[in-house]
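Please read the structure below before turning to the comments.
The values are calculated or read from the model by the stated rules, or taken from the named source; none is laboratory data. The structure presented is a predicted model; accordingly, all values stated were derived computationally and were not measured. Glycine also receives a Cβ, built like all others from the backbone with ideal geometry; neighbour counts cover every protein chain displayed. Just so you know, the surface numbers come from the protein's heavy atoms only, side chains and all, with ligands and any DNA or RNA stripped out. Shrake-Rupley method; radii C 1.70, N 1.55, O 1.52, S 1.80 Å.
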Amino acid sequence: MAHRDNEVSEIVRLLESGKSIQMLAPRRVGKTWLMRDVERQLAPHGWLTIFCDVEGMGSEDEFLRDLCRKIEDAGTVKLRVLEQIKHRLGQLMSATFEGNLANAIGRVDVKQFSDALVGSLHDNHPKVLILVDEISLLVSALIAKSPESAKAFLYHLRKLNQSYPNVRWLLTGSIGLDVVARRWELGGALLDLAIFPLEPFSAKEARAYIDALCAERRVRWHFVLDDPSFDHLAEQLGWLSPYYLDMIADRINVQTQDAGGVAVPTKADIDRAFEELLGPSYRNYFAAWEEHLNKNFPKPESELLYAILDCCCVRPDGETEATILASVGRNYPSLSRRNLMNLLSALVHDGFVAEVGDRWRFRSGLLRRYWMKYICT
Ligand SMILES: Nc1ncnc2c1ncn2[C@@H]1O[C@H](COP(=O)(O)OP(=O)(O)OP(=O)(O)O)[C@@H](O)[C@H]1O
Ligand SMILES: [Mg+2]
């Protein structure tokens, strides 16, 4: 499989130097996979790692419950850590505390509870990493109930990070925590976190990834890429994320084998795979992109983003800022240049477009074609 060696070593370097991290990346680039890999790599070096996926959770209590369960899992932490946590909880309740840690939830203030939990980990273990996946969904759920409680949650996390430096945090999610925080003016709570942007695969990693898919027979029809066929695929796709590499690889059906009986795809075989993916049956594979705009940006911002993308999708090399401003400005005369730059930054951040030279172009050739076919008005 495509090992993210450089990424893992940079994350490990940051953690070893005492930093906590927020990992920023658009959808389906491999954030969760990388978190799991970081856990695997840290284990032999004396790190205690605790992984929590908080998708679907709606309260701090639920998060703490999950954290407790992970801490109690056989072998996760030493008995003395558990004893210390229970002792601290007992002090908070002015009673002897017995049973599962989660029993104290509801009886002790949640902030004091997490202090006891994280403080005990800090006291007993020099290197702990708590990995929280989909944290922005939890923060959004808290905001929906009360923006104040979301703010208190994030600032408390910051305090835990400052007070207990042996416990580091690695936070990520399929929507950017930074975007959610900026919208609600909670950015200050994230100031202590090192930012780690995760990019899609390099050409070398993408090639290794597809080669592994083929070698392990994880594609529908067997094929072997040579340099020209890989280059053509990479150029057409543009955005080398595992998600789309998987999709294309699964649809490459070589029509004629070479003289030695090896199935090397021609350009036409690869182009057919792209055409097939752009057919109506597979529309759902692209649903996350529209969903992202609809869910995370209020109107009229979302409408403006659609209009900008409509403009950028026409040519593979995209459009200049002046043309976008003129074109979108026809329907939205109040759009200022500054406003446009903010919107373009959001689209860059979320993986839709990239700034190349003086033009803004779709990062994924496949998504560009999808946009032209189904969305562009
Ligand atoms: N380095 C890698 N090597 C092999 N497979 C990978 C790698 N990175 C990601 N994948 C695979 O690609 C798919 C998408 O990865 P993953 O779920 O980690 O992305 P994500 O960024 O967390 O997505 P989302 O935004 O939906 O949360 C998964 O099937 C995963 O197993
Ligand atoms: Mg994920």
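A few remarks follow.
- Per residue, the solvent-accessible area of the chain (1.4 Å probe, heavy atoms of protein chains only, all protein chains present) comes to 46 Å².
- You can think of it this way: the chain between residue 341 and residue 374 has 9.3 nm of extra reach, that is 0.36 nm per residue less the Cα-Cα gap.
- FRET efficiency for residue 156 and residue 224, using Cβ-Cβ distance with R0 set to 41 Å, rounded to 0.05: 0.15
- Solvent exposure of residue 373, expressed as accessible area, is near 110 Å², computed with a probe of 1.4 Å over the protein chains only.
- Potential extension, residue 17-residue 82 segment - 0.36 nm per residue separation minus Cα distance: 20.7 nm
- Principal-axis analysis of the Cα atoms of the chain puts helix 301-312 at an angle of about 30° to the longest axis.
- Computed label-point distance, nm, for sites residue 320 and residue 275 using a 7 Å Cα→Cβ extension: 3.6 nm
- For the chain, the share of accessible area belonging to carbon and sulfur comes to 50 percent (1.4 Å probe, ligands and nucleic acids excluded).
- Between 0 and 90°, nearest 10: helix 60-72 axis offset from the chain longest Cα axis: 80 degrees
- Ligands, DNA and RNA aside, residue 184 has an accessible area near 120 Å² when probed at 1.4 Å.
- Gyration tensor (alpha-carbon) shape descriptor, region 285-375, a/c threshold 1.5: oblate
- Look at the alpha carbon pairs under 8 Å that are at least 6 residues apart: their mean separation over the length of region 132-245 gives a relative contact order of 26 percent.
- Each residue was assigned an accessible area with a 1.4 Å probe, and for residue 282 the value is about 50 Å².
- When only Cα pairs below 8 angstrom with a gap of at least 6 residues are kept, region 8-158 shows a relative contact order of 30 percent.
- Accessible-area ranking of 40, 315, largest first, probe 1.4 Å: 40, 315
- Neighbours of residue 190, meaning other residues whose beta-carbon lies under 14 angstrom from its beta-carbon, give a summed charge of +3 when Lys and Arg score +1 and Asp and Glu score -1.
- Average Cα contact separation per residue, the chain, under 8 Å, 6 or more apart, as relative contact order %: 18 percent
- The chain: angle of helix 79-93 to the longest principal axis, Cα-based, in degrees nearest 10: 70 degrees
- Largest to smallest accessible area among 285, 374 [probe 1.4 Å]: 285, 374
- Helical contribution to [θ] at 222 nm, DSSP H n ≥ 4, -39,500 (n - 2.57), averaged over the chain, rounded to 500: -16000 deg cm²/dmol
- Nearest-20 debye value, the chain charge dipole, Cβ charges on Lys, Arg, Asp, Glu: 640 debye
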